[in-house]
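Comments concern the structure below.
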Amino acid sequence: MQDAKRLQRVWELFDLLAERAPEVRSAELETLEADPAIRAEVQALFHDADTHTVHTDALRQPPPPLLAPGTRIGHWEIEHLIGRGGMGEVYMAHRFGGDFEQRAALKLLMRMDSAQDRAGFVAERQILARLEHPGIAHLLDGGEVNGVPYAVMEYVEGVPLTRAPDLGLERKLALVLQACDAVSHAHQHLVIHRDLKPGNMLVTPEGRLKLLDFGIAKHLAPAAERDSEPAATGHASPDYCAPEQLTGAPISTATDVYSLGVILYELLTQHRPWQLTGAAQIRALERLSLPAPQPPSTRVEGRIRKALRGDLDAIVLKALQTDPAQRYRTVAELASDLRAHLGRHPVAARRQTLGYRLGCRIRRHRVAYALAAAVFASLALGLVGVAWQGRQATIERDHARRQAVRNDAVRQYLTLMFRTASGTQEHDEVTAKSVLDGAAKRVHDEFAGDPESYADVALALAELYFQINDYTGARPLLVRLLRDDAGVAEHVRAMAMHDLAQVSFRESQTDQARDLLDQAQKFWNAEPATYRAELLDSRLLQSQIQRALGDPGLALRTLEEALPQRVELSGLQHRDTAVLINNLGLAYYQLGQLDDAIVQLKRAHAIWQTLGQEKSSDALNTLNNWASAAVQSGRREEAAEIYYRTLELRRKLYGPSGALAALMNNLGKTLSQLDRHEEAVPLLREAIAMGHEHAGGETGTIALAAGLGLVDALAGIGEIAPAREKLDSLAPAIMATFGSEHPFAAMLEISRARVERAEGNTDAASAALGLARQRLQAMGPAGAAYLAQLETLQEQWRE
């Protein structure tokens, strides 16, 4: 290895491990570096650094940690030291004495040179307390021990962003977009991070980026307020900080933009923009004398150079402008350009020439342009342009005509549908479902000679069934569309397969749903630019199937990767974006990350309100999910109020459906947990009956879930015999349909424990809970949300 590269590697390793506890440095160094000569140089630097942090050269070992393993602070017990820096120590800790287990990172301030130091650390806690975002490590607790302040943070297991393995270019950009989203959230709360670097940006095993350490964050409050605030603690890394941080000039949101630019540069090229060596102060001085960095594409070879040249070069260099006024003004602007690049739209960082804009258009519609080029390749350039424009006009005109015919067919049939409904006798109850059922019976005869119009109307009716969560009603329409003699186009068959996959999934036929979805996506993936919207929509069902098949982490990643694409395609204030964010919240819920779930569900609900659609079926689904997360967080009274409000709206506006059955099931179970069992019983009985009719029959998830809820409620009011009878009827159906590795199998044992305990059989109740715990723990993250319910129940029984 050349001397310059060797020296750079030595300092990279030193920077990475310098703040780690001495007892773990060697093992980590051995893992990161195979060259023994480089490891020896790094160890020598550690030796020098450690011996110069004390006041005598004779003392060769660093001081012991301030907190010994087993020390208890508040609700937390110390396990071991994680790292040590100039301003504090960080320990692994776990909660003790509560009704649930939790690991955390406890940060203790070491140096107390002044009241300003202490106040600065308290300021960090206050900053973190008001930042509530899934991409920012949460503050869990705080206080003082022996007069020294401490903060307890969410423990994040992960690797620094620039060391995450197996990252393709799009995945790298998706992670940077996650970072932008988290930093933008902080900026919206008037906080600049000021120390963004890969070590503060960890990628979890689930592929989620988490932002750490607001230790030197700065408020963006008015000057009069800032003057009264304590100075923030710590010092930014000279390798990633903005020039104004080195010169002492005022900082702004553009300061964090610069740091993100450095990180993006390193992520794309595997090199930092500058080759700096030496201690932090030396690197800082060297930074001030260096010219602007070279474009990222000049630092790489092969295919990646072509991918970086142009848009990404321009984006990175704009973020790295020395003058803050020449950078992106906000992180949101940086993110917007990254999304534009991913969507093959013009980016603001480049000159908007006609040739550049046309090139972006060609890349977005490369299939159509390639066909045009092949047809007219032999013609003169002028003729190519005229012919292509004429062809495009013809294609667009034909497409518009087809859309007009389709829309007219759907509009006329829906008008007929509701006109027919309005002619019913006054004593007949007219609901959305009754109107749809009547229309679905007539649609085949109405369009017997027009298969294209029939397909359009049938898909529209199926979508309306979905809106009232009546998947059983949608199935016959979709099955008929997929018959060999239906005479419909292939793109219609693909959409019908996707919609039928949704029906199958909600009827607990997960394997069939996966196969249907695979067929639909295979068709769309043949022309991904043409069917971009359909592919993006299908990610919702894809995530649900992945979660049902036992991989909730993959399900979460599918949605996280889809969100930037959805926002780029539809915008933030859009129905489809709200639906995706709702599903993202549900994915977090399934992993037991309840705070993250509630954040996302609140975001979705805010979009529904902005759109004026807070009474839509989708918005009511979001409220239902929000209330479910509130239940698992222990806020049951709040959840019951949300459920009741949502139930009243859904019953009034949409009538009986699978969604209404699910809502009654959730409310009934919540009432049981509040010991309002008599109130819960009729709701759960109605949910069972409605689930049978509208959501998969007797073995559908809603009917089975409501059945277990009814068992619990009956046991709660002392009706043991009917509770046991219901339990015995559910057990074979649950085990045959889902098997022992599904959450339903664990919930079955929890309900069994309730019945046994109500009969006074405490040993049998304990055995059932033990089996439930065993099954949930075997599920890993998929069982986390249900374990909390089990822990709560056991705590109640101890009282």
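The values are calculated or read from the model by the stated rules, or taken from the named source; none is laboratory data. Only a predicted model underlies this, so the values are computations on that prediction, with no experimental measurement involved. Neighbour counts are summed over all protein chains in view; Cβ atoms, including those assigned to glycine, are modelled from backbone coordinates with ideal geometry.
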(message) Tell me whether the range 730-747 contains one or more residues that are modelled with pLDDT of 90 or more and of a type in the set (Val, Ile, Thr).
(response) no
(request) Could you check how many residues of the range 172-202 are closer than 16 Å to Ala335 by Cβ and of a type outside the set (Val, Ile, Thr)? (result) 18
(message) Just to be sure before I move on: is Thr762 surrounded by fewer than 20 Cβ atoms within 10 Å (Cβ to Cβ) and among the polar types (S, T, N, Q) in the structure I sent?
(response) yes
(message) With the requirement that a residue be surrounded by fewer than 20 Cβ atoms within 10 Å (Cβ to Cβ) and more than 18 Å from Gln178 (Cβ to Cβ), what does the range 587-609 give you?
(response) Gly592, Lys602, Ala606, Gln609
(request) Just need a number here: residues in the range 190-201 that are part of a loop (DSSP other than H, G, I, E, B) and either in contact with a strand residue (DSSP E or B) (Cβ under 9 Å, 6 or more places away or on another chain) or outside the structural domain of Cys241 (by TED's automatic domain parsing) (or both). (result) 5
(request) Please give the number of the condition Glu490 fails out of (1) more than 24 Å from the chain's Cα centre (by Cα); (2) surrounded by 22 or more Cβ atoms within 10 Å (Cβ to Cβ). (result) (2)
(request) Residue by residue through the range 164-173, note down the ones that are crowded, with 17+ Cβ neighbours inside 10 Å and either modelled with pLDDT of 90 or more or more than 19 Å from the chain's Cα centre (by Cα) (or both). (result) Leu173
(message) Name the residue that is surrounded by the fewest Cβ atoms within 10 Å (Cβ to Cβ), counting only residues in the range 438-487 that are modelled with pLDDT under 70 and of a type in the set (Gly, Ala, Ser).
(response) Gly449
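Scan Leu674, Leu649, Leu584, Leu572 and give me the residue that is in contact with an Asp or Glu (Cβ under 8 Å, 6 or more places away or on another chain), of a type in the set (A, V, I, L, M, F, W, C) and surrounded by fewer than 19 Cβ atoms within 10 Å (Cβ to Cβ).
Result: Leu674 is the single residue among Leu674, Leu649, Leu584, Leu572 that is in contact with an Asp or Glu (Cβ under 8 Å, 6 or more places away or on another chain), of a type in the set (A, V, I, L, M, F, W, C) and surrounded by fewer than 19 Cβ atoms within 10 Å (Cβ to Cβ).
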(request) Would you mention how many residues in the range 499-520 are closer than 23 Å to Tyr454 by Cα and surrounded by fewer than 21 Cβ atoms within 10 Å (Cβ to Cβ)? (result) 1
(message) Please go through the range 589-600 and give me each residue that is under 11 Å from the mean Cα position of the chain (by Cα) and under 16 Å from Asn621 (Cα atoms), ordered by number.
(response) Tyr589, Ala597, Val599, Gln600
